[in-house]
1. Output the residues belonging to the range 276-309 that are modelled with pLDDT under 85 and in a loop (DSSP other than H, G, I, E, B).
2. Can you name the condition, by its number, that residue 244 falls short on among (1) more than 19 Å from residue 353 (Cβ to Cβ); (2) touching a residue at least 40 places away in the same chain (Cβ under 8 Å)?
3. For the range 142-165, what are the residues that are surrounded by 13 or more Cβ atoms within 10 Å (Cβ to Cβ) and among the basic types (Lys, Arg)?
4. Tally time: how many residues in the range 145-188 are in contact (Cβ under 8 Å) with a residue 40 or more places away in the chain and of a type in the set (Asp, Glu)?
5. Being in the same structural domain as residue 149 (by TED's automatic domain parsing), of a type outside the set (S, T, N, Q) and more than 17 Å from residue 155 (Cα to Cα) is true for just one of 49, 72. Which residue is that?
6. Regarding residue 163, is this residue assigned by TED's automatic domain parsing to the domain that holds residue 86, modelled with pLDDT under 95 and not in a helix (DSSP H, G or I)?
7. So for the range 199-219 (the condition being in contact with a Ser or Thr (Cβ under 7 Å, 6 or more places away or on another chain) and either surrounded by 12 or more Cβ atoms within 10 Å (Cβ to Cβ) or modelled with pLDDT under 85 (or both)), does at least one residue qualify?
8. Restricting to the range 346-382, name every residue that is of a type in the set (Phe, Trp, Tyr) and either in contact with a His (Cβ under 6 Å, 6 or more places away or on another chain) or closer than 17 Å to residue 319 by Cα (or both).
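The values are calculated or read from the model by the stated rules, or taken from the named source; none is laboratory data. In this text, all values refer to a predicted model and were calculated from it rather than measured experimentally. Every residue, glycine as well, gets a Cβ built from its backbone with ideal geometry; the counts of neighbours run over all protein chains shown.
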Amino acid sequence: MADFERMQRRQRILADFGEFAQQSEDLDAVLTEACRLIGDALGTDLAKVLEIETDSQTLLVRAGVGWQPGVVGEVHLPMGEHSSETFAIKEGVPVITPDMSTETRFEFPDFMKEAGVVGVVNVPIFLLGNKPYGLLQVDSRKPWKPDEHDTEFLRTYAAILGPVIDRLHKVHALKKATDQNATLLRELQHRIKNNIGTITGLVRLRMHRASSDEVRYELGVIGERIEALSLVHEHVYAARSADRLPLRPYVTQLLVGLLALHEEAGVRLDVQIDDVEVSSDTAIPLGLILNEFTTNSLKYAFKNEGQSDEALIAVEAREREGRLWVRICDNGKGLPPKTSDARPGSGTGMALIEGLARQIRAKPDWASERGTTLTLDFPRRK
């Protein structure tokens, strides 16, 4: 093969490997493909990647092509003083053995002899920071002494392999850390749910033992709000991200669940929310505000026997120049005159809504025309 054609072929092989390595996050698959391509490029029968193990005393045959079963992923080689692999790593340069039978510097493992290996080239692989990873080892079943072009090609190939391996190590470490964090988050959410359930049980127990109807009613309201807090947390952490979650499905699921608990009221829900994400710090208090408004509407707004319109609760949310505008309303009988004339927040529910609104830096704006309307305008947290 002419030198120019050989160079072109090897350039294509480097490009093919680069494309494959970019598209894969499977280190074993990448190393196996590297061995296959290097064998094709050099016309050798066998190739393998040896990885330095954590004890720094042994090498694992991590990947390879052309080997019998029981070699790749299973054979461990000692990094002894008579090892060609150890010598190549220490010197940091390719080490060529044209014929193992005449080599006096090194000792070679039995599995290579049994495979009929004669010529061997060890090319060290270094990660970023010049940290040794292992070796690319190309084997031939006949005497083989690579020329200068072959050796430079192998060095280039190993130099490409190093950063690829380093990237995949980091991807694996990041995925492992992400999985661990997800496990911890699920455990935390499970404990929160259990703790809230315990508190709710204590409130319910105290409610049944109360001697006064007024006390029983107030404890019942408290129990419902604690259960709402549990529901909001469940929706937030079911979003697979503790930082952000899409607002529309979150609000929809929350309010549909509430309406299902009061299906006898026959109330229709209308949700018009922009495709926007919010932080969990916003989602939790906002969800509790919407829960409080909806619960009160379902209990009190539609008890007017003369109401002819279909009972409706509507919620809107719009993003406006880095701020969120949220409005929830019903078409019920509206606020009682004594509550409408009083300062918003004088009732327990309104006081709770005002306190939650302060957490998201919003000021509740109440209106009571053809039902009750609550409007919130607040900065969207990044």
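1. Passing the criteria: 302, 303, 304, 305, 306, 307, 308, 309.
2. Exception for residue 244: condition (2).
3. Selection gives 145, 155.
4. 1
5. Values: 49 fails: more than 17 Å from residue 155 (Cα to Cα).
Just one listed residue meets the conditions, 72.
6. Working: assigned by TED's automatic domain parsing to the domain that holds residue 86: yes; modelled with pLDDT under 95: yes; not in a helix (DSSP H, G or I): no.
Considered against the rule, which asks whether it is assigned by TED's automatic domain parsing to the domain that holds residue 86, modelled with pLDDT under 95 and not in a helix (DSSP H, G or I), residue 163 comes out as no.
7. Going through the range 199-219, the residues in contact with a Ser or Thr (Cβ under 7 Å, 6 or more places away or on another chain) turn out to be none.
Looking through the range 199-219, none of the residues is in contact with a Ser or Thr (Cβ under 7 Å, 6 or more places away or on another chain) and either surrounded by 12 or more Cβ atoms within 10 Å (Cβ to Cβ) or modelled with pLDDT under 85 (or both).
8. First, pick out the residues of the range 346-382 that are of a type in the set (Phe, Trp, Tyr): 366, 378.
Passing the criteria: only 378.
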